[in-house]
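Have a look at the structure below before the remarks.
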There are 4 protein chains.
Amino acid sequence: MKKVTVVITARASYSRIKTVLLHLRKNVLIDLEIVLKASALVENYGSILKYLEDDNLKVSYKIYSLFNTQDISFQVKTTGIGMIELSNYFRSSEPDIVITIADRFETIATAIAASYMNIPLIHIQGGEDTGNIDNKVRNSITFLSDHHFVSNKEAKTKLTSMQVQSDTIFNLGCPSIDLIDIANKKEINSEFLYDSYSWSGEKVDLDKDYIVVMQHAVTNENNSRGQIEKTIKAVKKLKKPTFWFWPNVDTGTDGISKGLRFFSNSKPDFPVTFLKSLGPQDFLRLISKSKVLIGNSSVGIRESSYIGLPVVNIGSRQEKRVRSENVIDVDYNCDEIYSAIKKQLNNEYYEKSTIYGSGKSGDKIVKQILKILGL
Amino acid sequence: MKKVTVVITARASYSRIKTVLLHLRKNVLIDLEIVLKASALVENYGSILKYLEDDNLKVSYKIYSLFNTQDISFQVKTTGIGMIELSNYFRSSEPDIVITIADRFETIATAIAASYMNIPLIHIQGGEDTGNIDNKVRNSITFLSDHHFVSNKEAKTKLTSMQVQSDTIFNLGCPSIDLIDIANKKEINSEFLYDSYSWSGEKVDLDKDYIVVMQHAVTNENNSRGQIEKTIKAVKKLKKPTFWFWPNVDTGTDGISKGLRFFSNSKPDFPVTFLKSLGPQDFLRLISKSKVLIGNSSVGIRESSYIGLPVVNIGSRQEKRVRSENVIDVDYNCDEIYSAIKKQLNNEYYEKSTIYGSGKSGDKIVKQILKILGL
Amino acid sequence: MKKVTVVITARASYSRIKTVLLHLRKNVLIDLEIVLKASALVENYGSILKYLEDDNLKVSYKIYSLFNTQDISFQVKTTGIGMIELSNYFRSSEPDIVITIADRFETIATAIAASYMNIPLIHIQGGEDTGNIDNKVRNSITFLSDHHFVSNKEAKTKLTSMQVQSDTIFNLGCPSIDLIDIANKKEINSEFLYDSYSWSGEKVDLDKDYIVVMQHAVTNENNSRGQIEKTIKAVKKLKKPTFWFWPNVDTGTDGISKGLRFFSNSKPDFPVTFLKSLGPQDFLRLISKSKVLIGNSSVGIRESSYIGLPVVNIGSRQEKRVRSENVIDVDYNCDEIYSAIKKQLNNEYYEKSTIYGSGKSGDKIVKQILKILGL
Amino acid sequence: MKKVTVVITARASYSRIKTVLLHLRKNVLIDLEIVLKASALVENYGSILKYLEDDNLKVSYKIYSLFNTQDISFQVKTTGIGMIELSNYFRSSEPDIVITIADRFETIATAIAASYMNIPLIHIQGGEDTGNIDNKVRNSITFLSDHHFVSNKEAKTKLTSMQVQSDTIFNLGCPSIDLIDIANKKEINSEFLYDSYSWSGEKVDLDKDYIVVMQHAVTNENNSRGQIEKTIKAVKKLKKPTFWFWPNVDTGTDGISKGLRFFSNSKPDFPVTFLKSLGPQDFLRLISKSKVLIGNSSVGIRESSYIGLPVVNIGSRQEKRVRSENVIDVDYNCDEIYSAIKKQLNNEYYEKSTIYGSGKSGDKIVKQILKILGL
């Protein structure tokens, strides 16, 4: 029996590891430990505690490392204290292998703690390419990691070209894709949605056409307030029933949040529901019925490709990520955004693409972990 | 006037940046700030405070981040607290550019703090290759950095091959090479050495033949005690007058130190002087007169190449570093070590090599910094 | 010239030190440094940055020590990291004397940092008595402090009885009392209030009768939600126009906040304005026109005694504080609360009491500081 | 079954709790957890890991909080990080009651963590009186604690006079006294001593007359080097065989250590053995045969009173502690020290005093803990 420790730092990461966790839990050779850290634990930013509970996954340890500030030092301090607490935990729990996911700033704490303590480290979703500080973080983690489970062919090519040893790179797809088939065995309805989740604004009828917006701050750009205003203006012109998600915790979030609060207080004359977060499955159900997804979330690139969902992707945040034909890219420009939405609204759903996996990634990843552990 | 902040975390790093600091200090367009951190401040491990004072370089801030433990969590905790304190300092001092040096574990704190706070970062000596955790740290820092000042041609090739943007890589040589010509304008003599530095054991006559040993722990290998015993045995068999340096602070240091203490207490029947550290210049003067340098210090690979000094390099620590013909590589094996020393003792000094620079790196680096800053 | 460093950790503390700061700033013998820390910097909980700016007081340093969590470890971690950052600041700035205020959990960080670094420490408002963890903190700080500036006679007696050296205790009154006379040179009006501050709910007419509620969590009692519900019920029965303040950051705050959010969402059928915080002066103006103040804030005990404002004080939080005749104490019981409010609504304002000072404390305190510093 | 968590931060504290631990371990109603923290874990300053192992006591958790520096910020930072790590541990382990011992600076971390997390706290050895910062720390901890187990009648009187609730104060004696009877069932001999412990200098014959010196830095006095020189001069004049202990970790330790190193290097012309530390029992055996104990250790006041050992107590460190007739107090003055030693050398052992307990404290304390826990 070997101990596999998975450190999850944010809501988005949970979707990218959930089916792996479910497979690990079932395996009698594995002692699974789940550590929650940073924004994964903070209600404001979408704590995932409830989702783990719903999925019957036990949390072994919690690291409350997020500082309550948007000061420029925020990310560094949160990472620093997270590292310290993680090192204490690893010392006590002695994992045989550690898994870190994707590229949020806090994830480098996991990579440093494991590598400095000589614990083998798997990095999920290295080799991708985006347009901001995440790139630095992701590549930096790659070079602290021992095994690289990438989510698409291009990512494997990229890592190989960076001189990462090719026999340590495995293209196993993205586990978030696995969730789509599972989720869509069931539909979401308005009553359930508005009863189960905290929301504000006006209700949207799920049985009619609606759109979904999800736009985060770009951490190395300063004008998050200006950026969100362009999107707000375009959506206001459109007047379609809209689900709008609050942004992730990040430097610049305040700008986005202020813009949205102002918009919300202005009482738009068409229905807009503001949501903090949904459970991963309900989220997929919601976008799977949406006419179009707008913003800069990676979901627009990744999950949406498998769904075939029309997407309007704004700005630089997903700049270099591999994408399928379902995405129209636009700049922070009200007219561009508006026209792209209009165009997508006229489109049917696109054909399903498997560039990010074919729905079996959780299973494939666990098999590879067992191989690494010699089980 | 632009603010250049240089963060130094260890004695070895000081040699690799000193001539840069001297050139920066003289430049009226530059506001130079020097931050000392971690082992650079701890007397046991070679505090560099005195050397900076001797060189008339002002320290702007001190970060006492080193924990007093050799526990497995030590490096992570020291890095974590160092990051937190550094983020506070950067926030107050607002550097225009930050410089981090080489690959010790604490240096990643500088890289994370600068990159997460959107401060341009120069990395000195990326792209080299060694045989342990330093490799992970060095490459990880590379991908957090904006500008790469490498010390040799192979390093530039390496970074390019890792997909680092080639117009951000500059082969400017290693500033530690600059010190050799400066140092050797003067000789070191026994009286001065034994008066100026703390030492133990027996005195060695500097006017006669002697050897120098400098062997550090290899952080991802567990057997530091066993490793140092092989070297001790070989040197005991040799019975040459010896200068022996205590190891750097690192996981595993205790094993080396215990071995040396035991050796020292056994009162060897030939003169052995144990030294904690010398000033960078005196150190160069000492090895420049040595018959051979033994151990696993990077000095054996780098500075020694320019001096032409015969070197016996033990084990994996410098495994993949580019080297000149002056180095004989051996395993942790008493006989191999002994034979290699014997062979080098019979050799004259080798021809001067400029693979690590031609003694003008400080000047070249400052010119490149000015260019980056648009000065 | 001597350096006086004042560390402020919360909005409430600012009122208790503001006139001291204004007098210190004017004094040419004093180099005043103001450090903001913890909740004093967090917008959610009433950042005081704007008030200092309005009062033309310069902030020398900011310590973002508040963690974003309500976990049981929250107060300890916030205190711990605050101490570390404060020690770095004190080391750089070298104060001649440090001032810490009152009894919030973060203030012990200031006391430990100063006393462990051998910097003389003045504690403002020791010797008072309340009903929860604040008591432990306040007395603990007393014994780390060198000089004790208490706000009332009973506090001096109390400290003397605790064997604090009597020549280090000075009853100089509470500077928050000074603000009342200053504030009441001007009136507050509805237009200004609703324009200048963030609020929610319905507007209250300031020219008609209204009440003010301000109830915080009691950190060592678990039932904050239950407690606030009693107050809500009583106020709902009363149906008077109401200003209701959101609670301080503290363990248990979530319970209070949830109760208030639920109340607010239920759209009460009488006007209730929910406020985060007001500027110290505007706050005094608001309560000085209120018919009654309800809750468990120390303002009800302290400032209200000088104003003569009728107060209904609920529960254990202010249990043992010295009070004037203007206060009716009640338990967490809807009927008791309701009857007490009714009774106070029938009362005129009480006679002004000077138990907490006569409006000259700022001046007196600065004179005592000068004496201590030998100026 | 209730969980009792004991946090030990230094070697000296272990003696004052050891018999309590042995009794707790045997009790089937108690789940004993021992946490080691700060200097209790650092070899240089007398790690107690080995002693716990010898006594068959299991360590549940280790907190490596000591920074490797003597900078003025050292004590604050060590306390701050210790608090953070302790809060994480308490959160996971959920003690029913926590025990903190005596008055070293790190112990306030335990007191804050427990009290801020609402865990009942027992303080061992409050109410005593010494001449430096320890006084501040001790009294500060008293006011964070719920139960006070003092070691002598005067301490109880003192706490009562400080308005500590008298039904929370129990005079149960000092468990370190219990160790004396246990230790002295066996003698220590030279061979065992010099084989078992690390030492330097010259051997002393344990069967002949000898003296013992143990002098620590006084943290709020700056002249530790000057102070130790007086003692060294007096002992050099005396020329008696001497055991000399290295000082505790504390601000100012470097001064003491430098003085001792210089003295040691000067090769005194009478036998002096320098010791880092002995096991608690062996230490008692050594002083129980000594002619006189010199310095400023609390052992001279406390344990020595029960042994009747002649003591020369130097300076302010033990100034106000209750003492028996066996102690002669002197100033930092070579002549005074010398004369006092001479006088004590002519004295026989004094009569046994029980002011600090009669050898049954461990048992009494555990009984009181059980009562508090309702067992």
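The numbers here are math on the coordinates, done by the rules we state, and not lab data. None of the values given here were measured: they were computed from a predicted structure. Glycine gets a Cβ as well: all are built from the backbone with ideal geometry, and neighbour counts include every protein chain shown.
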Ranked on Cβ counts within 10 Å of their own Cβ, fewest leading, D:Cys334, C:Cys174 go D:Cys334, C:Cys174
Taking only the alpha carbons of chain A, the radius of gyration and the largest Cα-Cα distance, Dmax, both in angstrom, are 19.9, 61
Around B:Cys334 (Cβ within 11 Å, Cβ-to-Cβ, excluding B:Cys334; K/R +1, D/E -1) the net charge comes to 0
For the stretch A:182-346, the dipole about the Cα centre with charges only on Cβ (Lys and Arg +1, Asp and Glu -1), to the nearest 20 debye, works out at 140
Contour minus Cα-Cα span, D:Asn44 to D:Lys153, at 0.36 nm per residue, comes to 35.7 nm
Across D:Gly226, D:Gly300, D:Gly359, the residue with the highest GNM fluctuation in chain D (Cα network, 10 Å cutoff) is D:Gly226
When A:Met1, C:Met214 are ranked with the fewest other C-beta atoms within 10 Å first, the list becomes A:Met1, C:Met214
Output row for C:Asn265: copy-to-copy label distances, label 7 Å along Cα→C-beta, ascending, in nanometres, one decimal, is 2.1, 7.0, 7.3
For A:Met117, C:Met83, ascending order of other Cβ atoms within 10 Å (fewest first) is A:Met117, C:Met83
At 10 °C and 1.306 mPa s, the Stokes-Einstein diffusion coefficient in µm²/s for the stretch A:1-156, with hydrodynamic radius from the Kirkwood sum on alpha carbon pairs, is 102
FRET efficiency (C:Lys208, D:Gln163; Cβ distance; R0 56 Å; to 0.05) is 0.75
On each of the three principal axes the extent of the alpha-carbon atoms of the stretch B:309-375, given in whole Å and largest first, is 56, 26, 11
Note to self: C-alpha centroids of the stretch B:158-198 and the stretch C:26-99 sit apart, in Å, by 43
With the label set 7 Å along Cα→Cβ, D:Asp55 is separated from its counterparts in the other copies, in nm and shortest first, by 4.7, 5.0, 5.2
Per the rotation taking chain B to chain D, min distance Cβ-to-axis on chain B (residue, whole Å) equals B:Asn68, 2
Honestly the stretch A:182-346 on the Cα gyration tensor test (a ≥ b ≥ c root eigenvalues; a/c under 1.5 rounded, otherwise a/b vs b/c for prolate or oblate) is just rounded
Counting Lys and Arg as +1 and Asp and Glu as -1 over every other residue whose Cβ sits under 13 Å from the Cβ of A:Glu319, the net charge comes to -2
Dimensionless Rg/Rh of the stretch D:188-247, both radii on Cα and Rh by Kirkwood, sits at 1.03
Quick note, the stretch C:29-88: a/c under 1.5 would make it rounded; otherwise a/b > b/c is prolate and the rest oblate (a ≥ b ≥ c, C-alpha gyration tensor); here it is oblate
With D:Ser13 itself left out, Lys, Arg at +1 and Asp, Glu at -1 over residues whose Cβ is under 13 Å from its Cβ give +4
Partner shielding of D:115-128, taken as the mean number of other chain Cβ atoms within 10 Å, equals 3
Averaged over all viewing directions, the convex hull of the alpha carbons in the stretch C:113-204 casts a projected area in nm² of 9.5
Rh_Kirkwood(the stretch B:251-375) over Cα pairs, Å, one decimal, evaluates to 16.7
Applying the gyration tensor rule to the Cα atoms of the stretch D:215-268 (axes a ≥ b ≥ c; rounded if a/c under 1.5, else prolate if a/b exceeds b/c, else oblate), the class is prolate
The stretch B:232-312: Kirkwood hydrodynamic radius (Cα pairs, Å) comes out at 13.7
With 0.36 nm assigned to each residue of separation and the Cα-Cα distance removed, B:Lys267 to B:Val28 gains 80.6 nm
Expressed to one decimal in nm², the mean projection of the alpha carbon convex hull of the protein assembly as shown is 55.5
From the Cα centre of the stretch B:273-343 to that of the stretch A:137-152, the distance in Å is 35
Label points for D:Ile182 built 7 Å along Cα→Cβ; distances to same position in the other copies, nm, shortest first, come to 5.5, 6.0, 6.2
